[in-house]
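What follows is one structure encoded as structure tokens, with my remarks underneath.
The values are calculated or read from the model by the stated rules, or taken from the named source; none is laboratory data. Predicted model, so just to flag it, every value in this text is computed and none were measured. All Cβ positions, even for glycine, are placed from backbone atoms using ideal geometry, and neighbour counts span all protein chains on display.
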Amino acid sequence: MADIICVIGNKGGTGKTTLSHMLCQGMGLLGQRSVCVLTDTHREPLDPADRRYLIADARSREALGKVTDKIRSLKAWLGVIDGGGNRTEMDKRLYGLADLVLLPFRDSHEDIRTVIRDLEMFPRAYAIPTQWPTNAWQREAAEKAVTELLAPYRDRILDPMFSLSASKLLLQKQIPGSLPTPLANACRAVAHQVIDLLQLPLEDAVPLQGVARNAANGTVNAPQPMAVAA
């Protein structure tokens, strides 16, 4: 039975969608099959071509149920659900069905205050710093804020995903045929963290060979070979 990861949180603009796609791309680079599930009604589904993962449209309650049921029925797959922001009731629903919950947050005090509330609300969730500053003094200030404000939750904070302009390529309707190496490395890094948390046996995973989606009936299949980035 497949595991389901939900990327949620009450603060908007923290990089939930970017994290979801980077995680799926990283899983694909490591040979793990996954599905990135869209639930935000303000977004449109992305083209699955040239991605190392499937795309599923679950923007309605009925579609979400069908998609999650289908993912659960797949052996050795992962479902990554992008929960969107400012939707507490949806977050509660996704938390209830998830095997792993990620709460992305940026280096502002507002983000940190919000993620503290979410960590209290969702006691099984892990917080993950996203779009983290790469400038040395900005990073030092960010780490200081985390140390001071998130000390009680330090065992539930993952390694940061540093700000990377290339990450926006994964959110294009159609992605390039090849992606930059720094992006691939960042995707692998976040995927490894999730693999460790879920204790996934990657040696049993089979690389994804094709992609298709049918959001209306919750089916996913892979009929055609596809070109993917190294």
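Just to verify a result, which residue in segment 28-50, among those that are of a type outside the set (S, T, N, Q) and within 14 Å of the chain's Cα centre (by Cα), is nearest to Asp91 (Cα to Cα)?
Ranking the candidates gives Asp40 first.
Tell me, please, whether a residue that is modelled with pLDDT of 95 or more, farther than 17 Å from Gly15 by Cβ and of a type outside the set (S, T, N, Q) can be found in segment 125-135. No: segment 125-135 contains no residue that is modelled with pLDDT of 95 or more, farther than 17 Å from Gly15 by Cβ and of a type outside the set (S, T, N, Q). Going by the conditions given, is Ala145 assigned to a helix (DSSP H, G or I), without any contact (Cβ under 8 Å) to a residue 40 or more places away in the chain and in contact with a His (Cβ under 8 Å, 6 or more places away or on another chain)? Answer is yes for this residue.
Number of residues in segment 167-178 that are within 18 Å of the chain's Cα centre (by Cα) and either loosely packed, with under 14 Cβ neighbours inside 10 Å or of a type outside the set (Gly, Ala, Ser) (or both): the value is 7. When the residues of segment 129-163 are filtered to those that are in contact with a Phe, Trp or Tyr (Cβ under 6 Å, 6 or more places away or on another chain) and among the aromatic types (Phe, Trp, Tyr), the one that is nearest to Ala191 (Cα to Cα) is Phe162. Applying the criterion of being free of Cβ contacts under 8 Å to residues at least 60 places away in the same chain and hydroxyl-bearing (Ser, Thr, Tyr) to the residues of segment 35-85, the residue that is nearest to Met22 (Cα to Cα) is Thr39.
Listed by first and then second residue, the pairs linking a residue in segment 166-178 that is closer than 11 Å to Asp47 by Cβ to a residue that is among the charged types (D, E, K, R), with Cβ atoms under 9 Å apart and 6 or more places separating them unless they lie on different chains, are Gln172/Asp47; Lys173/Glu44; Lys173/Asp47; Gln174/Asp47; Gln174/Asp50; Ile175/Asp47; Ile175/Asp50; Ile175/Arg51. Would you mind finding the one in Gly177, Gly210 that is outside any helix (DSSP H, G or I), modelled with pLDDT of 50 or more and farther than 24 Å from Asn135 by Cα? Exactly one of Gly177, Gly210 is outside any helix (DSSP H, G or I), modelled with pLDDT of 50 or more and farther than 24 Å from Asn135 by Cα, namely Gly177. Looking across segment 73-90 at every residue that is at pLDDT below 95 and among the charged types (D, E, K, R), the one that is farthest from Gly13 (Cα to Cα) is identified as Lys75. Is it the case that some residue within segment 116-129 is of a type in the set (Gly, Ala, Ser) and buried (at least 20 other Cβ atoms within 10 Å of the Cβ)? Taking every residue of segment 116-129 in turn, at least one turns out to be of a type in the set (Gly, Ala, Ser) and buried (at least 20 other Cβ atoms within 10 Å of the Cβ).
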